[in-house]
Amino acid sequence: MTIVSMPEGSSASLGGDRKVSYFSNAYVLGLTVVAGIGGLLFGYDTGVISGALLYIRDDFEAVEKSSFLQETIVSMALVGAMIGAAAGGWINDVYGRKKATLIADVVFTIGSLGMAAAPDPYVLIFGRLLVGLGVGVASVTAPMYIAEASPSEIRGGLVSTNVLMITGGQFLSYLVNLAFTEVPGTWRWMLGVAAVPAIIQFTLMLFLPESPRWLYMKKDKAEAIVVLAKINDPLRLEEEIDQLATALEEEHQRKNAVSYWDVFRVKEIRHAFLAGAGLQAFQQFTGINTVMYYSPTIVQMAGFESNQLALLLSLIVALTNAAGTVLGIYLIDHFGRRKLALSSLAGVIVSLILLSTAFFLESTSVATSLYGWLAVLGLALYIAFFAPGMGPVPWTVNSEIYPESYRGICGGMSATVNWVSNLIVAQSFLSIAEAAGTGATFAILAGIAILAFLFVAVFVPETKGLTFEEVGKIWKLRAQGSGYGSGSGSWYGSGYGSGLDKVPLLEEGN
């Protein structure tokens with residue numbers, strides 16, 4: 001898979017077009033895959049609990065009798081992830097991406113083994129909290145690490161590999177769920193085996209370097225240049241060093257240390273955070289983890305009572321999710337982030353309306369089989385539209401829209417928004433479905449998806465193929481009241497200067 005980049009920005013000085021392949025640099029690909037194991041942990045945890053919960057209810061009578069306790073078992077990992085993501089930005093800025101990953105692996109492993117040995121629901125809930133802490137830190141760290149080690153032409157696809165690992169982890173979790181359905185201690189194996197990829201990542205990460213951008217800005221310029229030389233060709237290496245030197249000079253000129261308050265006080269950072277956090281919130285409020293957490297339950301609500309059949313159908317949903325993400329990896333650097341998100345949301349809206357209709361019809365008819373299969377089709381279509389676009393786009397955009405000094409803080413804050421939104425959905429979905437009906441619940445999600453479409457159309461710029469420094473210029477112009485327009489290049493126009501006047505070539509050249 002090869003990207004032909006058009007001359008733009010500072011890259012134009014290199015002369016001619018450059019062909020950059022996802023597979024042309026084995027070193028970068030290796031960094032991406034190992035860092036992406038954090039995404040695998042993320043995905044496995046979100047997927048495994050949906051199947052394990054079916055068997056946890058059988059073992060613990062208190063869980064069987066309480067919808068609130070069931071939702072708490074699911075949601076406690078989200079509480080941990082919310083805290084982990086909030087702290088993850090600070091950990092990344094102070095200690096670096098590598099140490100943050102190692103910390104996340106240790107905490108995740110302890111939590112997984114604790115869940116496997118839980119004698120009661122409350123120890124299980126504490127284990128879920130620890131696992132969530134690890135996942136929260138990893139959710140901030142992995143896309144940031146990958147983005148900072150990627151050439152700009154293929155950054156979107158490489159960061160989306162982390163999302164592929166998330167969806168792959170969800171698919172793996174359903175395979176594990178099915179594999180252990182007849183094994184004594186079913187749910188304990190399902191939850192405990194999650195420690196394996198965390199231990200693997202910890203071991204491999206010991207042999208990998210720190211993010212070159214973090215090294216240059218925070219620790220050791222010479223070491224950073226060594227890592228950058230393995231990532232870039234000589235001409236690009238010189239360009240990267242010049243850009244980092246400029247960024248470091250700007251940081252030295254700043255009188256005060258970067259603070260959380262600056263995210264809201266500094267206008268250009270505020271605009272960037274609005275776009276990034278808004279994408280993260282809408283990713284959750286359009287219902288993706290409703291589908292992933294509760295897909296077996298939704299399938300049973302659609303009329304399929306067997307636990308094993310529910311898990312099998314959920315496996316198909318997870319496979320569709322992973323396959324769609326593979327498509328997204330290709331499209332995000334060809335089609336662009338903004339167009340991909342808008343196309344994805346359009347399909348999500350249609351799918352949610354179909355789901356809502358299926359459940360409304362199912363509730364008014366004795367013959368549930370047809371409408372049950374219609375609901376399952378709606379779930380599959382939802383994933384098919386969501387996975388290539390709104391799956392990878394929020395994480396990719398958030399890994400590239402913030403200046404170096406704010407990347408950790410803003411990345412952590414936006415990931416926290418994602419997890420808070422995730423928590424709200426997970427904690428409320430079953431209760432709302434019981435009170436208003438499943439059809440009405442999906443209708444509400446369809447309405448939110450329409451709002452998401454409008455949000456992306458208005459607030460999210462296209463960042464395809466741009467360096468971090470060129471993305472920063474977009475927000476500076478936006479802070480000055482420039483940059484609005486119409487059409488596919490609504491955030492680009494003439495007069496940008498510093499190379500950004502050539503950015504429309506990125507839209508029109510494919």
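The values are calculated or read from the model by the stated rules, or taken from the named source; none is laboratory data. Just so it is clear, the structure is predicted and the values come from calculations on it, not from any experiment. As a convention, Cβ positions derive from the backbone with ideal geometry for all residues, glycine included, and neighbour counts pool all protein chains shown. Note: accessible area is taken over every heavy atom of the protein model, side chains too, but ligands, DNA and RNA are not part of it. Shrake-Rupley method; radii C 1.70, N 1.55, O 1.52, S 1.80 Å.
Structural remarks
- Members of the range 143-176 found to be open to solvent by 10 Å² or more (accessible area, probe 1.4 Å) and outside any helix (DSSP H, G or I), listed by number: Ser150, Pro151
- Thr441 meets all of the listed conditions (1) within 25 Å of Leu69 (Cβ to Cβ); (2) modelled with pLDDT of 85 or more; (3) surrounded by fewer than 23 Cβ atoms within 10 Å (Cβ to Cβ) but one, namely (3).
- Residues of the range 99-142 that are free of Cβ contacts under 8 Å to residues at least 40 places away in the same chain and crowded, with 24+ Cβ neighbours inside 10 Å: Gly111 alone.
- Exclusive hit being at pLDDT below 80 and either open to solvent by 10 Å² or more (accessible area, probe 1.4 Å) or not hydrophobic (A, V, I, L, M, F, W, C) (or both), set Ser399, Ser414, Ser365: Ser365
- Condition met for Leu430 (in contact with a Gly (Cβ under 6 Å, 6 or more places away or on another chain), of a type outside the set (Lys, Arg) and either open to solvent by 30 Å² or more (accessible area, probe 1.4 Å) or within 21 Å of Leu313 (Cβ to Cβ) (or both)): no
- The range 186-205, residues that are open to solvent by 10 Å² or more (accessible area, probe 1.4 Å) and either modelled with pLDDT of 90 or more or closer than 15 Å to Gly127 by Cβ (or both): Arg188, Trp189, Gly192, Val193, Val196, Pro197, Ile199, Ile200, Phe202, Thr203, Leu204
- Among the residues of the range 177-189, those identified as outside any loop (DSSP other than H, G, I, E, B) and either of a type in the set (S, T, N, Q) or in contact with an Asp or Glu (Cβ under 8 Å, 6 or more places away or on another chain) (or both) are Asn177, Thr186, Trp187.
- Condition met for Val458 (free of Cβ contacts under 8 Å to residues at least 12 places away in the same chain, assigned to a helix (DSSP H, G or I) and aliphatic (A, V, I, L, M)): yes
- Test: residue in the range 104-114 that is modelled with pLDDT of 90 or more, among the aromatic types (Phe, Trp, Tyr) and either at positive phi or assigned to a helix (DSSP H, G or I) (or both): yes
- Test set (1) free of Cβ contacts under 8 Å to residues at least 60 places away in the same chain; (2) open to solvent by 20 Å² or more (accessible area, probe 1.4 Å) - Val33 fails condition number: (1)
- All conditions but one from (1) at pLDDT below 90; (2) open to solvent by 10 Å² or more (accessible area, probe 1.4 Å); (3) under 17 Å from the mean Cα position of the chain (by Cα) apply to Trp373; the one that does not is (3).
- Residue within the range 229-246 that is touching a Leu at 6+ places or on another chain (Cβ under 8 Å), modelled with pLDDT of 80 or more and either open to solvent by 80 Å² or more (accessible area, probe 1.4 Å) or in a helix (DSSP H, G or I) (or both) present: yes
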